[in-house]
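To start, the structure itself, in structure tokens.
The values are calculated or read from the model by the stated rules, or taken from the named source; none is laboratory data. Just so we're clear, the structure is a prediction, and the values are computed from it rather than from any experiment. Note that we place each Cβ from the backbone using ideal geometry, even for glycine, and neighbour counts take in every protein chain shown.
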Amino acid sequence: MRSRVRLPVAGLVLALTITAACSSRATGSSSSSMTLYTCATDTIEQAVVAAFEKQHGGTVHVFRAPTGQLNARVAGDSRSGGIRADVIWACDPLTMYGFQSQGLIAAWTPPTSQSGIGAAYRTDHFVGVALLYLVAVVHKGTPPPTTWADLAGAKYRNAVAIPSPTFAASALGMLGYFASAPDYGLPFYQRLKSNGAKQVDSPDEVLSGVAQGTYRAGIALANAAYAAQKKGSPIQVVWPRPGAITVYGPIGVTTRKNLSPLAHAFVTFAASRAGQTILGQHGAYPAAAGVPGPKMPAGSPVVAPPWPQLAGQSKDLLRRYAAIFPS
């Protein structure tokens, strides 16, 4: 039976305190088991894990939490003897670059021939398996923005919600994009703040707030927005110019001592055509070209942060962001 760990914020400090005492059954690995740390959506993670276990006959122990809590878990491991995950499946490259800089991610990825995932979504240490698109959402009847800059205009005064980059990996990727984009930079966040924009934790909170009319506009994830719209949510999904912000979710094998033999197989499976198909079937945009996924209107513009240039800048970006939107 799969061992699963999901911790509320209130229990995180206690959990980190007892991490060193956890038994191998809770977070351990053997020749027939491995441990996965991830912030991937529950439904998506469960589908991939279940398919892998069925194919390989092993057991995957899962710690799943938002990126802020995932970082805390990894830090707790480092303070108490070393990383306890065999594989980390993060939700943005900047977080993964941070783990790599700590020597926690091994220099290995499955061959491109086994996955079809191109160079834009891979490094020597990790490979992107799922894509997130940050788009604008507006309450039904609200004029849609044409560009991202419109959200800082008078039309949306005191009406915009944005997700926090300290909580959500996608929002950290968004911060990286705007910080490096011409005509935006960190001053864009200052303009949003001055225009009365509100910060919430997650893109899902933005989505629910816009649907309820608490906010008239916000920045959320395309796949979740289309799913909500299909269920009757009174929202409109907009891909503002210059484009929806693309953030890829990378996966990599760790440098854990006594690494499980299943670790490389799990990463290979997640990046394979079979794994990518499962991701697409359960609401994620696959990173491999040609694999069907959630709705994406033809011709929708997309942009992406310059990930390698931003590597190592997360702490500084978050520090500067916090001066505008304090926690």
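Just one of the listed residues (Ala181, Ala222, Ala227) is surrounded by 21 or more Cβ atoms within 10 Å (Cβ to Cβ) and not polar (S, T, N, Q), namely Ala222. The single condition from (1) touching a residue at least 24 places away in the same chain (Cβ under 8 Å); (2) of a type in the set (S, T, N, Q); (3) farther than 26 Å from Gln46 by Cβ that Thr109 fails is (3). From the list Ser233, Ser202, the lone residue that is farther than 25 Å from Cys91 by Cα and buried (at least 18 other Cβ atoms within 10 Å of the Cβ) is Ser233.
Checking the conditions here, which among Gly299, Gly293, Gly312, Gly252 is touching a Pro at 6+ places or on another chain (Cβ under 6 Å) and of a type outside the set (D, E, K, R)?
Gly293
Among the candidates Pro240, Pro305, the residue that is buried (at least 23 other Cβ atoms within 10 Å of the Cβ) and either assigned by TED's automatic domain parsing to the domain that holds Gly141 or without any contact (Cβ under 8 Å) to a residue 40 or more places away in the chain (or both) is uniquely Pro305. Just to be sure I understand, how many residues within region 202-211 are in contact with a His (Cβ under 9 Å, 6 or more places away or on another chain) and either over 17 Å from Pro144 (Cα atoms) or of a type in the set (Gly, Ala, Ser) (or both)? Number of matching residues: 1. Scanning region 110-121 for residues that are crowded, with 20+ Cβ neighbours inside 10 Å and either in the same structural domain as Leu221 (by TED's automatic domain parsing) or not in a loop (DSSP other than H, G, I, E, B) (or both) yields a single hit, Tyr121. Of all residue pairs spaced 6 or more apart or on separate chains, those with beta-carbon atoms under 7 Å, a first member in region 310-327 that is farther than 17 Å from Ala181 by Cβ and a second member that is among the hydroxyl-bearing types (Ser, Thr, Tyr) and surrounded by fewer than 17 Cβ atoms within 10 Å (Cβ to Cβ) are Gly312/Ser101. Taken over region 189-242, the criterion of being of a type in the set (Lys, Arg) and either in contact with a strand residue (DSSP E or B) (Cβ under 7 Å, 6 or more places away or on another chain) or more than 24 Å from Thr67 (Cβ to Cβ) (or both) is satisfied by Arg191, Lys198, Arg216, Lys230, Lys231, Arg241. Within region 133-160, the residues that satisfy the criterion of being within 15 Å of Val237 (Cβ to Cβ) and hydrophobic (A, V, I, L, M, F, W, C) are Leu134, Val135, Ala136, Val137, Val138, Trp148, Leu151. Criterion applied to Pro145, Pro163 was being surrounded by 23 or more Cβ atoms within 10 Å (Cβ to Cβ), of a type outside the set (D, E, K, R) and in contact (Cβ under 8 Å) with a residue 24 or more places away in the chain, and the one residue passing it is Pro163. Applying the set (1) under 19 Å from the mean Cα position of the chain (by Cα); (2) surrounded by fewer than 14 Cβ atoms within 10 Å (Cβ to Cβ) to Ala107 leaves exactly one unmet item: (1). Within region 252-274, is there a residue that is in contact with a Phe, Trp or Tyr (Cβ under 9 Å, 6 or more places away or on another chain), within 30 Å of Thr146 (Cβ to Cβ) and either assigned by TED's automatic domain parsing to the domain that holds Thr147 or of a type in the set (Gly, Ala, Ser) (or both)? The answer is no; no qualifying residue exists. A count restricted to region 215-243 and to residues that are over 22 Å from Gly153 (Cα atoms) and touching a Pro at 6+ places or on another chain (Cβ under 8 Å) stands at 5. Residue by residue through region 48-92, note down the ones that are over 18 Å from Gly252 (Cβ atoms), over 17 Å from the mean Cα position of the chain (by Cα) and among the small types (Gly, Ala, Ser). Those that are over 18 Å from Gly252 (Cβ atoms), over 17 Å from the mean Cα position of the chain (by Cα) and among the small types (Gly, Ala, Ser): Ala50, Ala51, Gly57, Gly58, Gly76, Ser80, Gly81.
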